[in-house]
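Undergrad: Right, I'll just put the structure down here and ask away after.
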Amino acid sequence: MDPSSVNVDDNEFSALLESMEQKILAARASFADQAFSIGCSALLVPMGLVFGLLFLFGVRSWAGMAIVAVMEIISALILAVFFATRSQLAAGKREFEANVLPQLNAYAADHHLSIEQVKSMAAIKLAPDSYLGAYIQALSGSE
């Protein structure tokens, strides 16, 4: 069925999609911030241990300590960004599956639409680079 022939309120559907996109973005941002903070904090302990071992083994050169410190900070930031990115991806997917998908299914049921019709309508309304659009298009027909 052609999505343009479906009788639904465009403003209502657009507002629903916008609120869903905002929920996904908020979940992604929140979890990424938390993961980055936890990653940076958790990596302070290994950095302290390395400095302790260096001091214990007699490395007292300021230049050597500075090089090690820079390498540790860079490594810690890389790992924290990796944790934040992984958390961001998982949070977006979790938010979609737990909250957004049930809302989409309820909207489809309330308006006597199939999920495929909702997918088609959303593809028209959403920006090509939206997270919600990517999650909706990844749905199988069995949802």
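The values are calculated or read from the model by the stated rules, or taken from the named source; none is laboratory data. All values reported here derive from a predicted model rather than from experimental measurement. Here the Cβ positions follow ideal geometry from the backbone for every residue, glycine too, while neighbour counts run over all protein chains shown.
Undergrad: Is there any pair with a first residue in region 120-143 that is surrounded by 11 or more Cβ atoms within 10 Å (Cβ to Cβ) and a second that is among the aliphatic types (A, V, I, L, M) and modelled with pLDDT under 85 whose Cβ atoms are under 9 Å apart and which are 6 or more apart or on different chains, and what are they?
TA: Here the result reads Ser120/Met1; Ser120/Val6; Met121/Val6; Met121/Val8, each pair linking region 120-143 to a residue that is among the aliphatic types (A, V, I, L, M) and modelled with pLDDT under 85.
Undergrad: What are the pairs with Cβ atoms under 9 angstrom where one residue, in region 81-101, is under 20 Å from Ser41 (Cα atoms) and hydrophobic (A, V, I, L, M, F, W, C) and the other, located anywhere, is crowded, with 20+ Cβ neighbours inside 10 Å and modelled with pLDDT of 95 or more? Sequence gap at least six, or different chains.
TA: Once the first residue is under 20 Å from Ser41 (Cα atoms) and hydrophobic (A, V, I, L, M, F, W, C) and sits in region 81-101, no partner that is crowded, with 20+ Cβ neighbours inside 10 Å and modelled with pLDDT of 95 or more comes close enough.
Undergrad: Is there a residue in region 104-111 that is surrounded by 15 or more Cβ atoms within 10 Å (Cβ to Cβ), at pLDDT 90 or above and under 13 Å from the mean Cα position of the chain (by Cα)?
TA: No: zero hits.
Undergrad: If we keep just the residues of region 1-19 that are closer than 19 Å to Val100 by Cβ and of a type in the set (Ser, Thr, Tyr), which is modelled with the highest pLDDT?
TA: Ser19
Undergrad: Every residue in region 102-122 that is among the hydrophobic types (A, V, I, L, M, F, W, C) and either within 12 Å of Phe13 (Cα to Cα) or not in a helix (DSSP H, G or I) (or both), please. Spell out the reasoning first.
TA: Of all residues in region 102-122, those among the hydrophobic types (A, V, I, L, M, F, W, C) come to 104, 106, 108-109, 113, 115, 118, 121-122.
The answer is Leu104, Ala108, Leu113, Val118, Met121, Ala122.
Undergrad: For region 54-74, how many residues meet the condition of being exposed (fewer than 14 other Cβ atoms within 10 Å of the Cβ) and part of a helix (DSSP H, G or I)? Give the steps one after another, and end with the answer.
TA: To start, the set of residues in region 54-74 that are exposed (fewer than 14 other Cβ atoms within 10 Å of the Cβ) comprises 55-64, 66-67, 70-71, 73-74.
Checking the rest, the ones that are also part of a helix (DSSP H, G or I) come to 55-56, 62-64, 66-67, 70-71, 73-74.
Total meeting the criteria: 11.
Undergrad: For Val70, which of the numbered conditions (1) within 20 Å of Leu16 (Cα to Cα); (2) over 17 Å from the mean Cα position of the chain (by Cα) fails to hold?
TA: (1)
Undergrad: If you don't mind, another one. Consider Val81 carefully, then state whether it is over 25 Å from Ile136 (Cα atoms) and either at pLDDT 85 or above or among the acidic types (Asp, Glu) (or both). So that I can check it myself, show each step before the final result.
TA: On the way: over 25 Å from Ile136 (Cα atoms): yes; either at pLDDT 85 or above or among the acidic types (Asp, Glu) (or both): yes.
So Val81 fits the description; yes.
Undergrad: Against the condition in a helix (DSSP H, G or I), modelled with pLDDT under 95 and either loosely packed, with under 14 Cβ neighbours inside 10 Å or in contact with an Asp or Glu (Cβ under 9 Å, 6 or more places away or on another chain) (or both), how does Gly39 come out, does it pass?
TA: Values: in a helix (DSSP H, G or I): yes; modelled with pLDDT under 95: yes; either loosely packed, with under 14 Cβ neighbours inside 10 Å or in contact with an Asp or Glu (Cβ under 9 Å, 6 or more places away or on another chain) (or both): no.
No, not satisfied.
Undergrad: Sticking with this structure for a sec: What number goes with the only condition from (1) surrounded by 14 or more Cβ atoms within 10 Å (Cβ to Cβ); (2) modelled with pLDDT of 90 or more that Gln22 does not pass?
TA: For Gln22, the exception is condition (1).
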